[in-house]
Amino acid sequence: MIEQLLKTSATRFVSSYLVLGIDLVICLGSFSIAYLLRFNFEVWGVNRADFLYCLSMVTGSRLLAFLLFRSYQGIIRHTSLEDVTLLVYAVTLSAVVTALGSFLVWQWTNQVYFYVPVSILLIDLFCCLVLLSCSRFMAKAFYWSLRAGSGGVRQPVLIYGAGETGLLTRKALTQDSAQRYVILAFIDDNPYKIQKVIQGLKVISRQEAYDRFIRNQAVLPQVILAMEDASPDQKNEIAEFFLQHHVSIKTIPSVEQWIDGELKSSQIRDIRIEDLLERDPIQVANPLIGDQLRSQVVLVTGAAGSIGSELVRQVLHHHPRTIVLLDQAESALFDLEFNLQRDCKTALSYTNLVLKIGDVADETRMRHIFHDTRPDFVFHAAAYKHVPLMEQHPYEAVRVNVLGTQIVADLAVQSGVRKFVMISTDKAVNPTNVMGATKRLAEMYVQSLNRSDESLCSTRFIATRFGNVLGSNGSVVTVFRQQIQAGGPVTVTHPDIIRYFMTIPEACQLVLEAGTMGNGGEVFVFDMGEPVKIAELARKMIHLSGYTVNKEISLIYTGLRPGEKLFEELLNTNEKTLPTHHPKIMIARVNSLEHHEVKAVFDELRYRLADGDANRLVRIIKMVIPEYISKNSVFTALDAPESAPVEL
């Protein structure tokens with residue numbers, strides 16, 4: 001019955017006038033107490049007429065003060081210090097008005113009868129404030145205690161972080177209308193906070209939390225990570241500690257994502273592997289990015305992909321005149337437009353959005369698009385990126401990654417594009433697969449255009465390299481998550497394989513910075529931090545999902561896939577890079593060919609596409625890129641010294 005009553009009253013509130021009436025009753029009681037205290041509770045010594053006059057004066061002035069400050073309009077169950085502050089203002093003002101008013105009346109009439117003693121007003125001021133505040137907080141505590149004990153199984157919770165964010169998390173949990181939580185304690189690493197009490201909850205250390213609430217407990221608590229400024233290393237350390245004891249870990253979104261500036265319990269979510277793989281972000285706050293892109297026409301190829309779509313969002317914030325979204329994926333491009341129209345209304349008020357469906361390897365279609373849109377900047381993100389698939393389909397890798405890049409780059413020159421930024425990959429460094437080798441060829445072509453007569457018009461070509469991006473289509477994190485949701489097994493190619501990771505926004509920040517920083521011919525790389533062991537990544541994701549490795553979810557090794565290598569290289573040593581003004585961004589010192597040499601290779605590849613001979617295509621690429629040594633691939637035989645050369 002109580003639970004049903006609480007559900008009914010969850011969206012109903014006590015009338016403000018009823019609150020005002022109760023406040024006035026409390027004022028009557030507090031003044032009576034103050035009057036009796038003034039006369040040491042000697043009731044027979046109190047003049048009834050004097051008492052009623054003083055009572056009416058105080059009550060009248062207090063009513064006016066309550067109406068002035070609207071202290072009665074607050075929702076009692078959400079009473080806060082701000083509400084108490086209004087009461088202080090109202091009660092204090094009414095006491096001052098009563099004292100001054102009665103004094104002036106006394107002086108004017110020369111009748112001391114009209115004077116309200118200040119001693120009584122001071123006692124009343126204190127009593128009234130205490131009674132009004134206590135009544136509100138007691139009603140609030142009673143309401144939430146009924147809510148907390150109104151049936152159902154309650155989830156025990158430990159809040160990690162006893163700072164401001166932790167207190168806001170506690171508030172969100174206690175005021176949640178759908179879930180039932182019992183908050184056990186705060187956990188904090190600050191030794192000066194440990195053993196203190198905040199809002200009735202004790203602050204304890206991580207080890208004490210384990211000893212008291214986790215070890216030998218039938219029902220394990222959830223740990224909510226409520227530390228806005230926690231570093232990635234801290235998050236990993238905390239996660240490792242609780243995951244080994246099979247404790248579920250949740251986290252809160254950043255302040256920018258709170259609903260109307262307030263944290264809701266529905267926003268508290270399970271911690272994801274992306275939260276633990278984050279590193280200290282690369283800060284790119286270059287005002288020149290906006291200066292260059294503002295009021296310009298920007299073309300993004302591969303706009304519906306993971307990198308392309310984020311790049312579009314970031315470019316929009318710099319208010320270009322027009323942004324052209326080019327992709328061959330019809331449905332993905334439609335979804336992107338829908339999401340942009342929904343999420344970027346303000347930015348789109350400055351920018352015209354143009355969608356173009358087309359294949360970058362279709363020269364006729366690309367020529368029409370460049371003629372229609374006349375872009376000032378081109379961000380070339382369109383490419384095939386999946387290593388095993390491209391190992392099976394060298395034809396498509398050459399057609400799109402190599403010749404598609406040539407078509408778009410040549411049209412950029414002919415159209416007078418100011419800057420052309422190509423998005424490459426760390427797999428282009430000492431490539432072991434077709435995908436990486438074709439991307440390296442594309443790099444070589446755009447680099448060569450900076451030194452050719454064809455680029456004298458003004459177009460500057462820049463390339464950016466980075467590693468794996470979190471959450472991209474087909475990324476290892478996405479695959480592992482799908483395998484876990486399906487009940488396993490989780491497949492890892494090799495126990496020692498490692499990869500570098502970065503977030504999609506970081507990758508796009510680098511691309512925009514390169515577009516501003518580059519003068520033409522550079523290949524930008526940047527410090528991506530420490531590599532991640534993929535097997536450990538899989539184990540951690542299984543634990544985060546609440547399962548045990550090789551019990552509920554099995555982890556198996558399948559062997560390296562065609563073209564795959566154990567580790568990627570970033571060219572981040574002093575011998576192979578040049579510094580820039582940004583400490584995390586460097587320029588790779590890479591070998592390049594003259595434009596006519598690269599163009600001859602591209603012409604040969606285009607001619608050989610008609611044959612459809614994969615071995616011949618790969619052999620041509622290997623001749624141009626001698627460091628391209630195939631791994632776990634059918635093309636490994638082409639690396640043998642006795643393999644037949646190809647006539648160019």
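The values are calculated or read from the model by the stated rules, or taken from the named source; none is laboratory data. From a predicted model like this one, the values you see are computed outputs, not experimental measurements. Cβ sites come from the backbone with ideal geometry, for glycine too, and all protein chains shown count toward neighbours. Surface accessibility is based on the protein's heavy atoms, side chains included, excluding ligands, DNA and RNA. Shrake-Rupley method; radii C 1.70, N 1.55, O 1.52, S 1.80 Å.
Points worth noting:
- With 0.36 nm allotted per residue and the present C-alpha distance subtracted, the E627-E569 stretch has 19.6 nm of extension available.
- Relative to the longest principal axis of the Cα atoms of the chain, the long axis of helix 476-485 makes an angle of roughly 60 degrees.
- By accessible area, using a 1.4 Å probe on protein heavy atoms only, the chain has 55% of its surface on carbon and sulfur.
- The chain, relative contact order in percent, only Cα pairs under 8 angstrom and at least six apart counted: 9 percent
- If the chain linking D50 and D335 were pulled fully straight, counting 0.36 nm for each residue of separation and taking away their Cα-Cα distance, it would gain 94.8 nm.
- For segment 155-209, applying the loop criterion from DSSP together with a ceiling of 12 other beta carbons within 10 Å to the chymotrypsin sites (Phe, Trp or Tyr not before Pro) yields Y192.
- Ligands, DNA and RNA are left out, and with a 1.4 angstrom probe the accessible area of the chain is 48 Å² per residue.
- Convex hull volume of the Cα atoms of segment 366-443, normalised per residue: 78 Å³.
- The value given for segment 496-551 is a Kirkwood hydrodynamic radius of 14.1 Å, derived from the mean inverse Cα-Cα separation.
- Exposed GluC sites (Glu not before Pro) absent - longest run of the chain, DSSP non-H/G/I/E/B, at most 11 other C-beta within 10 Å: 43-574
- Segment 532-641 shape via C-alpha gyration tensor axes, a/c threshold 1.5: oblate
- Principal-axis analysis of the Cα atoms of the chain puts helix 81-109 at an angle of about 30° to the longest axis.
- Size check on the chain: the Cα extents along the three principal axes, sorted descending, read 124, 60, 47 Å.
- If you sort the three axes of the alpha carbon gyration tensor as a ≥ b ≥ c, you get a/c of 1.5 or more for segment 28-137 and a/b no higher than b/c, which makes it oblate.
- Structure-based [θ]222 nm, the chain - -39500 (n - 2.57) summed over DSSP H runs of at least 4, per residue, nearest 500: -14000 deg cm²/dmol
- For segment 37-42, 3J(HN,Hα) per residue [Karplus equation, 6.51 cos²θ - 1.76 cosθ + 1.60, θ = phi - 60°, Hz, x = Gly/Pro]: 4, 4, 9, 6, 6, 8
- Volume per residue of the convex hull around the Cα atoms, evaluated for segment 407-451, comes out as 69 Å³.
- Sequence-distant lysines (8 or more away, or on other chains) whose Cα lies within less than 19 Å of K565: K385, K427, K439, K533, K622, K631
- 0 to 90° range, to nearest 10: angle between helix 118-148 axis and the chain longest Cα axis: 50 degrees
- Per DSSP, loop chymotrypsin sites (Phe, Trp or Tyr not before Pro) in segment 321-353 with at most 16 further Cβ within 10 Å: Y350
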